[in-house]
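Here's the structure, in structure tokens; my notes come after.
The values are calculated or read from the model by the stated rules, or taken from the named source; none is laboratory data. From a predicted model like this one, the values you see are computed outputs, not experimental measurements. All Cβ positions, glycine included, derive from the backbone under ideal geometry; neighbour counts span all protein chains shown.
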Amino acid sequence: MRIIRTHEDIAAGLSGLVMLDARLEHVVSKAGPVPLRRADPGYRGIANIIVSQMVSKASAAAIWSRMETALGNIDAASVTAMSDEDCRLAGLSRAKADTLRRVARAVLDGELDLEAICSVEGSAAIREMTAIKGVGRWTAEVYLLFCAGHPDVFPVGDVALQNAVSHALMLEMRPSIRELDSLTELWAPWRSVAARLFWAYYATEMRRDGTPATS
């Protein structure tokens, strides 16, 4: 498995994608530079992704800043020590606070190794992560893409990606999760580069930054 570590890896993936699907040559030309956007693997990385779910980037950044002020180092041990009042003051919903704590306990108990999972095959890694209540497929996929550098993950539940693919490929309707799952099979083993490409396209052509927040 070729880990996406450098801009050279992105360039290789883009070349591979154009060979797999000629329609993507147009997308590459419109998207402009495709950022690498890597974060370190570990609890901090997945916690940042959980915090960013279903809120604006500004809201997620504010919550994260309050957590950093309260905890200093955001890690599994510090998060498990947060009280309900601490979570409320940081702006965390009860659901997000519970998910952060469950993941933290799994890490501390040795049930989830967020570094080792980076070398696990994609579908198996996603199954292991989503076995924890509150961790959905999108969260697992974004972690594998940005923190693990996994080469072949496409977060099909991401609305920005759905819209970008629909616009770029001139589809009649925004694809469903199942439809996008099927469509992206053609882009293996470079689906993570394809996701970065369509986020870049979304930012350039639709004038919005849809890339998930990562610490």
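Quick rundown of the values:
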{"item": "Some residue of the stretch 151-161 being at pLDDT 95 or above, under 18 Å from Arg2 (Cβ atoms) and among the aliphatic types (A, V, I, L, M)", "result": "yes"}
{"item": "Pairs, first in contact (Cβ under 8 Å) with a residue 40 or more places away in the chain and among the charged types (D, E, K, R) in the stretch 2-21, second assigned to a loop (DSSP other than H, G, I, E, B) and crowded, with 17+ Cβ neighbours inside 10 Å, C-beta under 6 Å, six or more apart", "result": "Arg2/Pro151; Arg5/Gly149"}
{"item": "Residue that is farthest from Ile46 (Cα to Cα) [pool: residues in the stretch 76-99 that are among the polar types (S, T, N, Q) and free of Cβ contacts under 8 Å to residues at least 12 places away in the same chain]", "result": "Ser83"}
{"item": "Residue identified as modelled with pLDDT under 95 and acidic (Asp, Glu) among Glu128, Glu141, Glu111, Glu172", "result": "Glu172"}
